[in-house]
Amino acid sequence: MKPKLGDTILALRIIAAVIVLWLISWDELEQIIRLLSPGCVALAVSLEFSAFLIWALKWKFLVAKLEKVTFTTIFLGLMAGNFFSTNEIRARTLGGFGRARFLQRVVHNRAFAECYATIAVDQTGNNFIFSLLVIFSMLNVFLFLNIPWWLSIIMEVVALIIFLLALAAFISRRKINETAVVRFLRPKLQRIYDFSIFKFIRDRFDTYITFEDTIVSSIAKFAKTYKEILTDRGVLTRDIGLSVVMYALIYAKDGVLIRGAGYDISVPHLIVALSIIFWVNSVVPVPKGLGFKELVMTGVYTMVGVPITVAAIVALMHRAIYLFFVVVVAYLAVVLLRISNRGSNRCSD
């Protein structure tokens, strides 16, 4: 009997977790725990919470281009949308369909494509700032760390691709042409509709004409909203500025934990380490859950000089704080939204 993929991943996850724990020097652990005061941990938690608040504020300003929505509603929707994502950078730079569906229920007479456009702009700003952090980190790795030449070339190519994609997103903000996109997709829509594996599409749309009209109108609405937001210089500047603040808070959290554990890490080394950690966990298909991500964090932190025991403890605390917000707080947000939806439905009845 062949082992299932889930069982294999679970076994590898356990092995990775054991390696992380094995790396910890238990003689040093007691001393580090004494150094990590409750105030230090509380500050790290506060910085993480502040980063989520800034992210919610950032999205609120973008949503205001469609309709005024309260900050509390936006924050709950943001946390609920992140409930199923345990990857920090993917949550901020990819996906977002759950958030778009939530926003569509909150605003009035707005299509899903228009709601998703606000999230796409939010992710564009986050991607732009993160790409600059990654490029800075890559340059530091090339100049100051002794790595194999082939790895250097790979990282240079990836860094260049990330920068070009981020740059293209902003250059294209004045050149978005939904007609060209539709012209590119139209010949393929018929094949998609007729493809046997996509029977659910034919079940939902009675005719191909209905399917095509829905896709074309959605693209047009998305492009129109996306272009309107990105061509507003004030909104764009504010969005980029808030992205900078959000990442500063995220990085400061780990800086507080590392220094609280007794190691005085420099700001450049902190930026390099966390940027590479986030980048690796985003581009490499690392399974979710305890073990893998902590092992990556421990390895990268030791690469910039952090003692291995401190690196392992900070990695575990970093993940614990983040998971507290995207699991516990996010679940509470989902519950509150369901209760409020039931209340509004009763009022409408």
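The values are calculated or read from the model by the stated rules, or taken from the named source; none is laboratory data. Small disclaimer: the values here were computed from a predicted structure and weren't measured. FYI the Cβ positions are ideal-geometry reconstructions off the backbone, even for glycines, and counts take in every protein chain you see.
So G125 ticks every box in (1) surrounded by fewer than 17 Cβ atoms within 10 Å (Cβ to Cβ); (2) at pLDDT 85 or above but one. Which box is left unticked?
All conditions pass for G125, except number (1).
Could you pull out the residue among Y263, Y301 that is part of a helix (DSSP H, G or I), closer than 26 Å to G39 by Cβ and of a type in the set (F, W, Y)?
The match here is Y301.
For residues in region 229-288 being of a type in the set (D, E, K, R) and farther than 24 Å from A42 by Cβ, which is surrounded by the fewest Cβ atoms within 10 Å (Cβ to Cβ)?
Only one residue tops the list, namely R233.
Give me the residue from region 289-301 that is over 20 Å from L133 (Cα atoms) and at pLDDT 75 or above and, out of that set, surrounded by the fewest Cβ atoms within 10 Å (Cβ to Cβ).
L295
Limited to region 58-77, what total is found for residues that are over 19 Å from R233 (Cβ atoms), surrounded by fewer than 17 Cβ atoms within 10 Å (Cβ to Cβ) and in contact (Cβ under 8 Å) with a residue 12 or more places away in the chain?
Number satisfying all stated conditions: 3.
Are there any pairs with C-beta distances below 6 angstrom linking a residue in region 120-147 that is hydroxyl-bearing (S, T, Y) to a residue that is at pLDDT below 85, with the two at least 6 apart or on different chains, and if so which?
T124/A169; S131/I162; S131/F163; S131/A166
What residue, among those in region 91-112 that are outside any helix (DSSP H, G or I) and closer than 18 Å to N126 by Cβ, is modelled with the highest pLDDT?
For region 91-112, the residue satisfying everything is G96.
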